Amino acid sequence: MVGTKNCCWGTCNSDSRYPEKLHKSLKEVVKLGMKIFIPFPKPSQGIERCQRWINACSRENFTRNTYICALH
């Protein structure tokens, strides 16, 4: 299990270690009890879907512990 989660989209600096620094929209999501960090899809779930996420985030590599925040 990963303790710290941070958004890998562009220059986003959302980080689970600093909930007080989260964007206002994300704080509202937390109050509603919803997930803030969504894991990247695994290649086993569909390589095309993975490739779309990689292209959208301008990332060339990711690990099984890569996340994107609900804001993006």
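The values are calculated or read from the model by the stated rules, or taken from the named source; none is laboratory data. Only a predicted model underlies this, so the values are computations on that prediction, with no experimental measurement involved. Cβ coordinates were reconstructed from backbone atoms using ideal geometry, including for glycine residues, and neighbour counts include every protein chain displayed. These accessible areas exclude ligands, DNA and RNA; they are computed on the full protein's heavy atoms, side chains included. Shrake-Rupley method; radii C 1.70, N 1.55, O 1.52, S 1.80 Å.
For the chain, with a Gaussian network of springs between Cα atoms less than 10 Å apart, report the residue from Lys31, Lys21, Lys42 with the top mean-square fluctuation.
Among Lys31, Lys21, Lys42, the largest GNM mean-square fluctuation belongs to Lys31.
Full-extension gain between Lys42 and Thr4, please, as 0.36 nm times their residue separation minus the C-alpha to C-alpha distance. Please list the in-between numbers first.
Details: separation 38, 0.36 × 38 = 13.68 nm, distance 1.90 nm.
Once the chain is fully extended between Lys42 and Thr4, it gains 11.8 nm.
Using helices alone, what [θ] at 222 nm do you get for the chain, with -39,500 (n - 2.57) per DSSP H run of 4 or more residues, divided over all residues and rounded to the nearest 500?
-7500 deg cm²/dmol
With every protein chain left in place, what is the accessible area per residue of the range 5-53 in square angstrom, probe 1.4 Å?
Working: 3730 Å² over 49 residues.
Per-residue value: 76 Å².
Sticking with the crude label model, points 7 Å out along Cα→Cβ, report the distance from Tyr18 to Asn65 in nm, one decimal please.
Result: 2.0 nm between the two label points.
Mind checking the angle between helix 47-57 and the chain's longest principal axis? C-alpha axes, 0 to 90 degrees, to the nearest 10.
50
Along each of its three principal axes, how wide is the spread of alpha-carbon positions in the range 27-72, in whole angstrom units, largest first?
For the range 27-72, the Cα extents along the three principal axes come out at 33, 20, 16 Å.
By a straight-distance test (C-alpha under 28 Å), which lysines pair with Lys21 as possible cross-link partners, with residues fewer than eight away in the same chain excluded?
Cross-link targets: Lys5, Lys31, Lys35.
Quantify, in whole percent, the carbon and sulfur part of the accessible surface of the chain (1.4 Å probe; protein heavy atoms only). List each step's numbers first, then the result.
Values: 2770 of 5440 Å².
Here it works out to 51 percent.
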